[in-house]
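> Below are the structure tokens for one structure; questions will follow.
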Amino acid sequence: MSYLVLARKWRPQTFRELIGQDHVSQTLKNAIDSGRVAHAFLFTGGRGMGKTSAARLLAKALNCEQGPAPEPCNTCSACAEITAGNSVDVFEIDGASNTSVDDIRELRETVKYLPSRLRFKIFIIDEVHMLSTSAFNALLKTLEEPPPHVKFIFATTEAHKVPITILSRCQRFDFKRIPLPLIVARLRHILEQEQVAVSDAALTMIARKGDGSMRDSLSTLDQVLAFCGERVSDEEVVTLLGVVDRRLLLAAARAVFAGDCPAALDIVKRVDAFGCNMRHFCQELIDQFRSMAIIKAAGGAADLADLPEAERAELEGMAAAVTLADLQRHLTILLKAESDMAHSTFARLILEMALLKMATLAPVVPVSEILERLKALAGRNGGASVASPQPAWDPSPRQGAAASRAAVPGAPPKVPAAGVSQPAAPARKDPPPSEAPAEPVTSGGDDPWSGFVSFVRGKKPMLASLLEHGHPFKVSPVLLELGFPADSFQLKSLKEPGAGSELQALARGFFRAETGIRLVSLTGEKGAPPSLLEKKSLEEAGRVQRMKELAGSHPMVGAALDIFGGELGEVREPGKKE
């Protein structure tokens, strides 16, 4: 005795039994009831969602001896023949095996003749997108203006492959993915008729395996019944289908929310012991956290989370104890882990590290709460907002020109840096008053050395960059004595004949006198006056230190450090680019 599988035995025989496609059923019934039935239909959607079943139901409703009627009677000879698939006036054609233009030409010859017994000739072409371009072109004219006794019904899973010229001649119906609760309810109804006991948890696992397809779910149920018999346990379903036990997923979520790292690692160990695919478990965990995030965000919008009632209630209880922001952070970690598993051989390690990171994730303090705490601290400091005092930046060398003029021309300028002692310059005798020529040309009131370097920078920038490394032992209209490290690039460059003559000419133009040039080679001598670069570096260090002290003494900065438990790091001048 041949066995009829559940997918064929329980194929919908009325539009009411077409689960999850109410928009299609109601439209077709209204069209039949009002007599506005089109000559061509295109049913598109995923596998096992009822496209071919709807085509047969439409053929029975149009050819029923009690109709045309919105619902076929399923008792007359016409309905019985179409149900059995042996009607001479209803042609079910496989588009994948009848792709040539010759097959379509044969169909066009058949269209001309009236039906043998029924009211309409119905042509149902499944997987119509497999037809060749020539076959589609041969069908165009017949499809646009068929005889009144002919109806075409096309079914396809890939509507984008059907030419637009065909689509424009058909009424299109898109079959939707069947929701999980509807599949579970349908499976429960079938099992009651078959007198088989299956728990709701097992039915949910079977329905999830179908992934929105009623036919796939019924095929999976057939496999389970063949393995388990008339009493089906949850453990047997998990073992047979290789699906992830929902109890493990819930336990993993509880361990993460409780911050229990040993329990999280034990979950991964059990998943590995059961032989489950780590990446598949991670995907199921992502789906669970997604459901909790939707429940947390949407509240009573049950259609957004495709879940049975029992599982939904349990996830609602778990989601109530965490914030939406934390759920989003957990999802981000899981998505990153799932992506890494696709390119790694250490799937278990990646999952373990992801769960540990989720379990030890520090809670996020909302920005609004931080602002409120800062306002409270500001209120305790006087009830008004605390303004930042004007920072006292170090004066530039030009701002200290008066002090430089008062100093002895041969003495180096004092460096204003806290905690840094400068070596004293060697004593030098000033030239006799009779030898002092006219006042040199200085730039902006600078001391003679910095003024001279600024003067040279305006004429010879490269030469000025060499002089910035020099230690000015003597700077006067009579003599310019400069020290450089022995064998340094600057000393060698200035000793070249061309550079020496240029420096001599520039000194004559600045001091307005015949100034002597003396270059001294330094070998680690102490007490040399600082170069311009050293002075700038020391001034910058002192300025940064004072900025840091000023920022650390500010009450708002101190309050922020107390709130976040941090320490003062780098301090930058406002508006200054790096």
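Here, each number is a calculation from the coordinates, and none is a lab measurement. All values reported here derive from a predicted model rather than from experimental measurement. For neighbour counting, all protein chains shown are included, and Cβ atoms are generated from backbone atoms with ideal geometry for every residue, glycine included.
> Going by how many other beta carbons lie within 10 Å of each one, how would you line up 564, 123, 43, fewest first?
Listed from fewest to most nearby Cβ atoms, that is 564, 123, 43.
> Same structure, new question: Could you compute Rg(Cα) / (2.2 N^0.38 Å) for segment 246-359, with N its residue count?
Working: Rg = 13.6 Å, N = 114, 2.2 N^0.38 = 13.3 Å.
So the Cα radius of gyration is 1.02 times the expected 2.2 N^0.38 Å.
> Please list the three semi-axes, largest first and in whole Å, of the ellipsoid equivalent to segment 94-211, using sqrt of 5 times the eigenvalues of its alpha carbon gyration tensor.
Over the Cα atoms of segment 94-211, the ellipsoid semi-axes are 38, 18, 12 Å.
> Please state the relative contact order of segment 246-359 as a whole percent: Cα pairs under 8 Å, 6+ residues apart?
40
> Efficiency by 1/(1 + (r/R0)^6): what FRET value for residue 562 and residue 536, r their Cβ-Cβ distance, R0 = 60 Å, to the nearest 0.05?
For R0 = 60 Å, the calculated efficiency reads 0.95.
> Could you put 10, 449 in order, starting from the residue whose Cβ has the fewest other Cβ atoms within 10 Å?
With the sparsest Cβ surroundings first, the list reads 10, 449.
> Using only the Cα atoms of segment 451-521, construct the convex hull and provide its projected area averaged over every direction, in square nanometres to one decimal.
4.0
> State the three equivalent ellipsoid semi-axes of segment 180-241, derived from the C-alpha gyration tensor as the square roots of 5 times its eigenvalues, in descending order and whole Å. Intermediate results must be reported in sequence, preceding the final value.
Details: eigenvalues 47, 34, 20 Å².
Equivalent ellipsoid semi-axes, largest first: 15, 13, 10 Å.
> Cut-off is 10 Å between beta-carbons; in what order do 488, 34 appear when sorted fewest neighbours first?
Neighbour counts put them in this order, fewest first: 34, 488.
> Run the quick spin-label model on residue 111 and residue 269: label points 7 Å from Cα toward the beta carbon, then report their separation in nm to one decimal.
It works out to 7.0 nm between the two label points.
> For segment 15-67, state what percent of all Cα-Cα pairs lands in each successive 10 Å bin, counting from 0 Å until the bin that includes the largest distance.
Reading the bins upward from 0: 22, 61, 16, 1.
> For residue 194 and residue 254, calculate 0.36 nm times their separation in residues minus their Cα-Cα distance, and state this gained length in nm to one decimal. Don't jump to the answer; show the numbers that get you there.
Values: separation 60, 0.36 × 60 = 21.60 nm, distance 3.78 nm.
Stretched out fully, the residue 194 to residue 254 stretch lengthens by 17.8 nm.
> Provide the descending list of Cα extents for segment 6-175 along its principal axes, expressed in whole angstroms.
Principal-axis extents of the Cα atoms in segment 6-175, largest first: 40, 34, 31 Å.
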